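Where a number appears in this text, it was derived from the coordinates with a stated rule and is not lab data. Computed from a predicted structure; not experimentally measured. Here the Cβ positions follow ideal geometry from the backbone for every residue, glycine too, while neighbour counts run over all protein chains shown.
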Amino acid sequence: MSASDTTSGARGGFSRRDFLKGSGAVAAATALHAQSATALADDEAQVVRGATEITLQVNGKAHKVKVEPRTTLLEVLRYQLDLTGAKPVSLDGSSGASTVLLDDKPITASNTLAIACRGKKVQTVESLGGQRPDAVPRAFVEHDAQQCGFCTPGFVMAVRAFLNKNPKATEEQIRKGLNGNICRCGTYANVIQAAIAVVKGG
Amino acid sequence: MAQDTYNWPAADKTSVIGKPMSRLDGIAKSTGAAKYTYDVNLKNQLIARALGCPHAHCRVKSVDTAAAEKTPGVVHVEVLRGAGSEVEWQGELLAIVAAESEGAAVEGLSNLKIEYDVLDSFVSDEDLMAAEKAGRTAPAGGKTLTQKEPGENDDEEAFIAAEIERLFKESKHVVEGYYGIDAITHCCLEPHGSTVAWEDGKLLAYLSTQNVSGTDDGFARDLGITADDVEVRCDYIGGGFGSKFAPDYWAIAAARIAKATGRPVKLMLTRDQELKIAGSRPSGYIKVRLGADADGVVQVWDSQHWGTGGSGGGGVAHGTIPYVYTPKNYRRVATAVRTNTGPARAWRAPNHPQACAMSQTAYDDLAAAMGVDSYDIFMRNLENTAGARTEVYAEEMKIGARLMDWKAKWHPHGKGEKRGSIVDGLGMALHTWGGGANNSTCQLRIHPDGGVQSFCGTQDLGTGTRTVCAQVLAETLGLKVDQVTVNIGSSKLPNSGASGGSTTVGAVSQSHRRASTDALTELFKLAATKLECEPGDLEAVGGRIRVKSDAERGMAWKEACSLLGLKPLEVTADYRSGTPSSLSSSGVGGVQMAHVEVDSETGVVRVKKFVAVQDMGLIINPKLATSQINGAVIMGIAYALFESRIMDPATGAFINAELADYRLPRLGDIGEIVVELYEPESERGRGVIGLGEPPVISPGAAIANAVCNALGVRVPVLPLTPKRVIESLQAAGRA
């Protein structure tokens, strides 16, 4: 196991802004597992190597998790918090199967570094379940917008985010606005119906 | 068991079967609670990743694992293909690294030092001449049939050759064409893989599989144990489509590593490995000549087709050509092409989608050549379809045409009204499939408190098997679906067949109907004594056991079950595939029609409307059946317009093996899909027939024919990408 090796700002020499500029908002898939140094999301720059403990706000609860700079949000959710709704389908996020909300915006957890989520609000599909499931998963069931179901949690989150932003979306807007997710079984026709039903249901 | 002991209630007598119920595991799936193989996290588990071979054809020269083993977090390195191994396709797994985290496993893989001797590769499956030149072809069978038989003194081959030529000379219309369909992959969203653990010498394998009852043997054989020491579990599977019947060598390797390290191991393929090695559908390319009479009924068919299923050759079986229509005279010859590509696996309706796309396109070109409505040509040729399905096709064509408004929308090929550079077109195709019931065993336990549990080693691929089992039990026992508990998804449950070839719905309907009927017979005996009537006088309806002729005379389900005393009633029923039974049958048709628009400047094809008319015998759940068809059509749109495995001819590399590059349709790409479940009493009376395969067969040909109708130019090879559309227009001097 790699030992924790944390040093403070002065030596690291780059700020959070520099890091984001340098790596791009979406880090290349191949870079995700590289043993590179990553700046923490602090005003004062910090360089982290090896494993370090951070706190993540997930579904309204604070969780202490141990991450390396290369650890993705998806790995933390799935392996440390056992929140396996978000799925690893494509590391580059092109399937949308790992969609969660980060500060209410849909992102793909498969290509988001966990360390970059410090201080932000993470919402996973599990938050739409429980005793009284959210209207979106209920509409997915009613309109059978799922078959094997592996893409479904990502799709549910994409629909939830889209309808949060466009609560009165028309069918045309739904057909144009939900193209970030891939389903192999071919549930799209029913996903459209489910989204329309949620709009109608208010 | 005599054939007619078991039967289904009449359509107007059912309360659960035939009703559009939502799937029982719907909320679990849509809120992330459903646990797939990839999701199972066992205590202290290692995460394993495998290294795929970078070359299409090579010999491994040396493998040095030292640096990989020293990588922080790496616990175990296993070499699968050591020095001297020949590897015949890119992506084949060479070594596995098991580590404390994904990151450490991936870093460990990057520290493996492997040297290769790169060998010549061949991946150009469409280019038959190049394949022959490279010595990559082999005969793959064929068949010739002519109405006139050779005389005793005739040389058979010469006679048939002369007879075929004579028939072409006599033909009023002759069409020559070239058609094809590229190889595609299964591309399961949950990759192949397993999460495995040993306890007391026994293996627990969570496996992403279509075959829980049949994979324990595979583990046992390769690990030197017996199947009773293996439990394969799969509660949920993220797509299979025919590619997940076996444990695969990587799951066996995971089990070995788990044993060696004494820790559970999770090994799932990466996305590019899933596309490269975990299943593909053979390509098919065909040269066809057909001759028809004045009415456009094909009298003679002559074709040569080829394709690849990987390094072993393979391709599309000649028996499916020409598809659905079997003219009175034909000659078909198949050639297999060996390529350095990942091996083919059964892909939803093996052979049929390619055969349909390679032959019903030629029938459409006949319509184009004659200037006749394609619908009429497809209808007139029904005289050459097999047996009883002919009338079903005719009926389904009429329904499809009405739903599509075919006659009003139709225009002769290439004669549609243009809106700028955009023109519309219509196309259709027919398909067929068996879908008979597989083997299945159901154990049913009825408890004295009224609880009902079923146990069956089947699996739910997302088709709704779990829900279908519950519906059959509930219907038989006069209960609601939430009053029965269905247990599936483990090899420790009573054996049930693999879910492939649309055989599951018939299988589980058989075993669950039989078990619940037998259990009810026992319960009726007890209730009859109490109600002072004959067991045969009783029925189970609405949560009660009651006298048929006097509905007031009866007892609640729970009260009837309490007559069992202290012990639950246990009944096991078995169905063997092929046993004649009124509960299930085999053989379906199906008609599909596509309305597309094509932009002749950009080459972009859009499906505006798609109509699918499908028979499937008795329908247990129309909501789930409709989903199956919707999904099959969308999968069909995928291979018709978007997806193909793109191989680099120079290096043999699979160059689009990531989802960003392996194009699949998205939600905005599908247009309007209209599904019509064709279930007249004549079909319903045949019993349950599988539905998974048939509706995925026709979309390729139907869409290709619609594009041809729009442009007046055949775009020969699927998928019909913008590039191919433009190239075809250019070749025809139209762009």
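The residues neighbouring B:T65, those whose beta-carbon lies less than 11 Å from its own, together hold a net charge of -1 under the Lys/Arg +1, Asp/Glu -1 convention. Along the charge dipole of the protein assembly as shown, pointing to its positive end and built from +1/-1 on Cβ of Lys, Arg, Asp and Glu, which listed residue (B:A183, B:P568, A:M157) has its Cα farthest out? So the residue furthest toward the plus end is A:M157. With q set to 0.14, 0.24 Å⁻¹, the log10 of I(q)/I(0) for the range B:664-734, from the Debye formula over equal scatterers at the Cα positions, is -0.64, -1.16. Using a cutoff of 8 angstrom between alpha carbon atoms and counting only pairs six or more residues apart, the relative contact order for the range B:610-735 works out to 38 percent. Each of the peptides B:273-283, B:154-164 was scored by the mean count of other Cβ atoms within 10 Å over its residues; in descending order, highest first, they stand as B:273-283, B:154-164. With a Förster radius of 51 Å applied to the beta-carbon distance between B:K558 and A:A62, the computed FRET efficiency rounds to 0.60. Short-range pairs are left out: with C-alpha atoms under 8 Å and at least six residues apart, the relative contact order of the range B:247-359 is 27 percent. Taking every alpha-carbon pair under 8 Å whose residues sit at least 6 apart, chain B reaches a relative contact order of 16 percent. Applying 0.36 nm per residue to the separation of B:E176 and B:L145 and subtracting their alpha-carbon distance, the gain on full extension is 9.2 nm. Taking amide H as placed 1.01 Å from N in the peptide plane, the amide H of B:K608 sits under 5 Å from that of B:H595, B:V596, B:E597, each at least 5 places away or on another chain.
Per residue of peptide B:184-197, the mean number of Cβ atoms on other chains within 10 Å of the residue Cβ is 3. Here's the picture: a label point sits 7 Å out from the Cα of B:E672 along the beta-carbon direction, and within the range B:425-452 the residues with their amide nitrogen under 19 Å of it are B:425-428. For the range B:405-491, trypsin sites (Lys or Arg not before Pro) are listed when DSSP marks them as loop and at most 16 other Cβ atoms sit within 10 Å of their Cβ; the list is B:K415, B:K418, B:K480. Helical content alone sets the calculated 222 nm signal of chain B at -8500 deg cm²/dmol, taking -39,500 (n - 2.57) per DSSP H segment of four or more residues and averaging over every residue. Apply the membrane-span-like helix rule to chain B: whole DSSP H runs, Cα extent along the own long axis of at least 30 Å, mean Kyte-Doolittle hydropathy at least -0.5. List the helices found. Helices passing the filter in chain B: B:504-531. Overall, the range B:654-708 carries a charge dipole of about 80 debye about its Cα centre when +1 sits on the Cβ of Lys and Arg and -1 on the Cβ of Asp and Glu, all other atoms neutral. Only the Cβ atoms of Lys and Arg (+1) and of Asp and Glu (-1) were treated as charged; on that basis the dipole of the protein assembly as shown about its Cα centre amounts to roughly 2240 debye. Taking other C-beta atoms within 10 angstrom as a stand-in for reagent exposure, B:S698, A:S98 fall in the order A:S98, B:S698, fewest first.
Converting phi to 3J(HN,Hα) with the Karplus coefficients 6.51, -1.76 and 1.60 and the offset θ = phi - 60°, the range B:644-658 yields 7, 7, 9, 9, 7, x, 6, 10, x, 6, 7, 8, 10, 8, 9 Hz in sequence order, with x at every glycine or proline. Proximity of backbone amide H atoms, modeled 1.01 Å from N, is registered between B:N487 and B:S454, B:F455, B:C456 at under 5 Å, excluding neighbours fewer than 5 places apart on the same chain. The GluC sites (Glu not before Pro) of the range B:565-606 meeting both criteria, a DSSP state outside H, G, I, E and B (loop) and at most 16 other C-beta atoms within 10 angstrom of the site's C-beta, are B:E601. Each label point was placed 7 Å from the Cα along the Cα-to-Cβ direction; for A:I196 and B:Q453 their separation is 4.3 nm. In the range A:129-201, Rg over Rh equals 0.92, where Rg is the alpha-carbon radius of gyration and Rh the Kirkwood radius from pairwise Cα distances. Full extension of the chain segment joining B:L119 with B:E681 gains 196.2 nm, where the gain is 0.36 nm per residue of separation less the Cα-Cα distance. Multiplying the residue separation of B:D217 and B:E152 by 0.36 nm and removing their Cα-Cα distance gives an extension gain of 18.1 nm. When only the Cβ of Lys, Arg, Asp and Glu is charged (+1, +1, -1, -1), the dipole of chain B relative to its Cα centre reaches about 1080 debye. Counted by neighbouring Cβ atoms within 10 Å, the residues B:S454, B:S62 run from fewest to most as B:S62, B:S454.
Computed from the C-beta positions of B:A386 and B:A11 and an R0 of 30 Å, the FRET efficiency is 0.65 to the nearest 0.05. Listing B:R714, B:R544 from fewest to most neighbouring C-beta atoms within 10 Å gives B:R544, B:R714. Between B:A650 and B:A66, the modelled label-to-label distance comes to 3.6 nm, taking each label 7 Å out from Cα in the direction of the beta carbon.
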